[in-house]
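Inspection log for the structure reproduced underneath, given as structure tokens.
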Amino acid sequence: TLGLSNSISRIDKRLREWDFGSFDGKDINSVFNDIAKVNNIRDKSNLLLEDVANYLYENDVLNEVESWENLKKRIWLSFLNIARHVTDNNILIVSHGLTILVLLYLLDKENLYFRIIKNGFVAVIKYENGLFKIDKLLSDF
């Protein structure tokens, strides 16, 4: 509750991190190298979120990884539900790096590249008149 009076905390499991399935625990750099190679990308900073999600989904031998479409839908519906049911103008949502990246992509298609988000990354997002917009990114990627 961050020491705020009248604060309420809730857990929304839809804001969980991506499930990496059979890739969980593997060396992330080698996985990204494989994804870049499959997509003919020389510089890993040019990897698209969608390419990463699709590679993990298509190559997961445990069949636990969500498709790109399901990831986007899960994350979008969660934020939409929160925005529609919140009575205060200010809320704090804590989530995981890739979940935050997908939300930023959904709000602005320019945010389409895969990035490692540092712990403590802050994005200020406004919801007005039924629309979300990125107000500020208070941290660097």
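The values are calculated or read from the model by the stated rules, or taken from the named source; none is laboratory data. On a predicted model such as this, the values are computed, not experimentally measured, just so you know. Note that each Cβ is placed from the backbone with ideal geometry, even for glycine, and that neighbours are counted across all protein chains shown. Note: areas computed on protein heavy atoms with side chains; ligands, DNA, RNA excluded. Shrake-Rupley method; radii C 1.70, N 1.55, O 1.52, S 1.80 Å.
Observations
- Residue tally, condition farther than 17 Å from residue 115 by Cα and not in a loop (DSSP other than H, G, I, E, B), over region 54-67: 3
- Within region 68-126, the residues that satisfy the criterion of being touching a Leu at 6+ places or on another chain (Cβ under 6 Å), part of a loop (DSSP other than H, G, I, E, B) and more than 25 Å from residue 42 (Cα to Cα) are 95, 122.
- Any pair with Cβ under 7 angstrom, 6 or more apart, that starts in region 7-25 at a residue that is at negative phi and ends at one that is open to solvent by 70 Å² or more (accessible area, probe 1.4 Å) and not in a loop (DSSP other than H, G, I, E, B): 14/77
- Filtered residues of region 1-29 (kept if surrounded by 15 or more Cβ atoms within 10 Å (Cβ to Cβ), part of a helix (DSSP H, G or I) and modelled with pLDDT of 90 or more): 21, 23
- Residue within region 47-68 that is among the polar types (S, T, N, Q), closer than 14 Å to residue 12 by Cα and at pLDDT 90 or above present: no
- Residue list for region 59-80, restricted to those being open to solvent by less than 80 Å² (accessible area, probe 1.4 Å) and more than 16 Å from the chain's Cα centre (by Cα): 59, 60
- Some residue of region 30-53 being part of a helix (DSSP H, G or I), among the aliphatic types (A, V, I, L, M) and over 19 Å from the mean Cα position of the chain (by Cα): yes
- Which listed residue, of 120, 97, is more than 11 Å from the chain's Cα centre (by Cα) and either open to solvent by 90 Å² or more (accessible area, probe 1.4 Å) or over 17 Å from residue 21 (Cβ atoms) (or both): 120
- Residue check, residue 134 within 22 Å of residue 31 (Cα to Cα), free of Cβ contacts under 8 Å to residues at least 40 places away in the same chain, among the hydrophobic types (A, V, I, L, M, F, W, C) and open to solvent by less than 100 Å² (accessible area, probe 1.4 Å): no
- Residue match in region 71-84 (condition: within 24 Å of residue 123 (Cα to Cα), of a type in the set (Ser, Thr, Tyr) and at pLDDT 90 or above): yes
- Filtered residue count, region 33-54, keeping only those that are open to solvent by less than 60 Å² (accessible area, probe 1.4 Å) and in contact (Cβ under 8 Å) with a residue 24 or more places away in the chain: 7
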